[in-house]
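Student: Before I ask anything, let me first share the structure, which is written out below as C-alpha cells.
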Amino acid sequence: MSREFTKTGKTNKGPFEASVSANRQIGQLFYRLKLDFCDTAAEAFAAARPGQFAQLDLSRTILPVPEDIPDNLRDVARRNIVLRRPFSFCDIVCESEKTSVEILYKVVGPASLRMTTLSGGDLISIIGPLGNGFRIPDNKKRALLVIGGIGAGPLQHLAKVLTEEHSEEEVVAFVGARSAKELPFEGRLDDIAQSLGFSFREFAKYGINSIVATDDGSLGHKGPVTECFEQWLGRTRMVYEETIIYGCGPEEMLAELVRIASERGIDCQVNMERMMACGIGICQSCAVKCRTDDSNETVYKLCCEDGPVFDGREVVFNL
Ligand SMILES: Cc1cc2nc3c(=O)[nH]c(=O)nc-3n(C[C@H](O)[C@H](O)[C@H](O)COP(=O)(O)OP(=O)(O)OC[C@H]3O[C@@H](n4cnc5c(N)ncnc54)[C@H](O)[C@@H]3O)c2cc1C
Ligand code: FES
C-alpha cells in the first residue's frame, strides 16, 4: 500500500480521528480496544509494524461510574489528563477502505481508567504510528517471543506478522505474569490443545505454542518467565545463530532476557517502555541509556524515536 507523505518528506502521523468499534473487557483489569481508521489514517496505520505505538488523547473521555472505579485508583481517578498516552497495537486488520487497530490495555491510572468507558461510535484523536518497531531479519529459522504481563500486545501483533511474512520460521511464545489472573489473555484452550502445547488462543490461532509461567505458580511454571525460558533453552536443540529473541515486559525481565541471550550469542530485541510526554522526540523525557558500538562510552537515545524497540546488546538497563 502506498504511504502518504507530508511536504517535509516524513510519513503523515496525524493527529487523526479514530472511531471506536469495540472495547471488550477480557479480565479484571484488561481490555481490548478496537479503533477504525479511514482515508489517510487508514493508510498510515496499515503500514504500522509490531512494536510501533500511537499517542491517544483521552482528555475528554468520561470516568466510569463510581462503583466501577477500582479502590486503588479512587484518589487519582479525577486527575486531568493533560498529556496523550502511548499504546502499542496487538492487531491490525486492513480492509479495502478501512484499517482496524486493536490495543490491549491494562487499567493502571486515570487515562486507562477512562478508556474503559469508550464505546462504539466514540471518536478519539490519535497520533501515530510512532517509533521503530521490531526488525525481522531474513536469516532466522526460529523466533522466541518472551512476554511479561501487558507486554503481550505488541508480541501478539509480531506473532501475526511472523506467521504471514515468515511462515517458514518456527515461533514459540513464553508468557509470564504474577498470577493466572494477571495474564492478559481471553482464556486457556481445552485439555487436548494444552497437551499439544497450545495454551492461549491469541497464539494458537497462528499455530504458535505458548508456554506459561506465573510467579505464584497458579498456572504453568512457578517462577519468572525468564527462568522457565532459560530452562527450555537448556533442553531444546537449536542453532543459536539461526535464532532470535523478541521481548516485551518489565525492565527487570528484559535485562534478564538480554543476559540469557548474550551468554549464548542469540540476537535479541527488546521493546522498552519509558514515561513519554510528547512521543515525537521533542521533550526528551524518554531517554534510554545505550552503549556505543566501538567504545565504552554511552549515549542517550529516545525511546519514542529511536525505539521503543532496541537491540538488547545496546541497552544499559536502569535497575
Ligand atoms: C511505547 C509504549 C507502549 C505502550 N503500550 C501499552 C499497551 O499496549 N498497553 C498498555 O496497557 N500500556 C501500554 N503502555 C503503558 C501506558 O502508556 C501507560 O500505562 C499509560 O500511560 C497509563 O496511563 P494512566 O493515566 O492510566 O496511568 P498513569 O498515571 O500515567 O500511570 C500509572 C502508573 O504506571 C506508571 N507508568 C505509566 N507509564 C509508564 C511507562 N511508560 N513506563 C513505566 N511506568 C509507567 C506510572 O509511573 C504510574 O505509577 C505503553 C507505554 C509505552 C511507552
Ligand atoms: S517522549 Fe518526548 S522526546 Fe520522547
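Quick note: the coordinates plus some simple rules give every number you see, no bench work behind them. Model, not experiment: these values are computed from the prediction. Here the Cβ positions follow ideal geometry from the backbone for every residue, glycine too, while neighbour counts run over all protein chains shown.
Student: In sequence order, what are the phi-derived ³J(HN,Hα) couplings for the stretch 155-160 according to the Karplus relation 6.51 cos²θ - 1.76 cosθ + 1.60 with θ = phi - 60°, rounded to whole Hz, with x for glycine and proline?
Tutor: So the Karplus estimates, Gly and Pro as x, are 7, 5, 5, 5, 4, 5 Hz.
Student: Relative to the Cα centre, what is the charge dipole magnitude of the stretch 16-130, using +1 at the beta carbon of each Lys and Arg, -1 at the beta carbon of each Asp and Glu, and rounding to the nearest 20 debye? Working shown, then result.
Tutor: Working: 13 positive and 14 negative charges, 90 e Å.
Dipole of the stretch 16-130, to the nearest 20 debye: 440 debye.
Student: What percent of all Cα-Cα pairs in the chain falls into each 10 Å bin, going from 0 up to the bin containing the maximum distance?
Tutor: Calculated over all Cα pairs of the chain, the distribution is 6, 26, 35, 25, 8, 0 percent.
Student: Projecting each Cα onto the charge dipole of the chain (Lys/Arg +1, Asp/Glu -1 at the beta carbon, about the Cα centre), which of A111, S210, N296 comes out farthest on the positive side?
Tutor: Of the listed residues, the answer is A111.
Student: From the backbone phi of the stretch 293-308, what are the Karplus-calculated ³J(HN,Hα) couplings (6.51 cos²θ - 1.76 cosθ + 1.60, θ = phi - 60°) in whole Hz, Gly and Pro given as x?
Tutor: Working through the residues one at a time gives 4, 10, 8, 7, 6, 10, 10, 9, 10, 9, 4, 6, 9, 7, x, x Hz.
Student: Give the span of the stretch 274-314's Cα atoms along each principal axis, as three whole-Å numbers ordered largest to smallest.
Tutor: Reported extents, whole Å, longest axis first: 31, 16, 12.
Student: Tell me the trypsin sites (Lys or Arg not before Pro) within the stretch 232-300 that lie in a loop according to DSSP and have at most 11 other beta-carbon atoms within 10 Å.
Tutor: Working: sites: R235, R237, R259, R264, R274, K289, R291; in loops: R237, R274.
Here the sparse-neighbourhood loop sites are R237.
Student: Above 23 angstrom, tally the Cα pairs of the stretch 16-130 and express them as a % of all pairs, no decimals. Intermediate values should be presented prior to the final figure.
Tutor: Values: 1644 of 6555 pairs.
Considering the stretch 16-130, 25 percent of its Cα-Cα pairs are separated by more than 23 Å.
Student: Another question, then. Return the sequence-ordered ³J(HN,Hα) values of the stretch 138-146 in whole Hz as given by the Karplus equation 6.51 cos²θ - 1.76 cosθ + 1.60 applied to θ = phi - 60°, using x for Gly and Pro.
Tutor: For the stretch 138-146, the Karplus curve yields 7, 9, 9, 10, 9, 10, 10, 9, 10 Hz.
Student: How long are the semi-axes of the ellipsoid equivalent to the stretch 142-271, from square roots of 5 times the Cα gyration tensor eigenvalues, in whole Å, largest first?
Tutor: Ellipsoid semi-axes (Å, largest first): 20, 18, 14.
Student: Below 23 Å, Cα to Cα, which lysines can K160 reach? Residues fewer than 8 away in the same chain don't count.
Tutor: K34, K98, K106, K140, K141, K205
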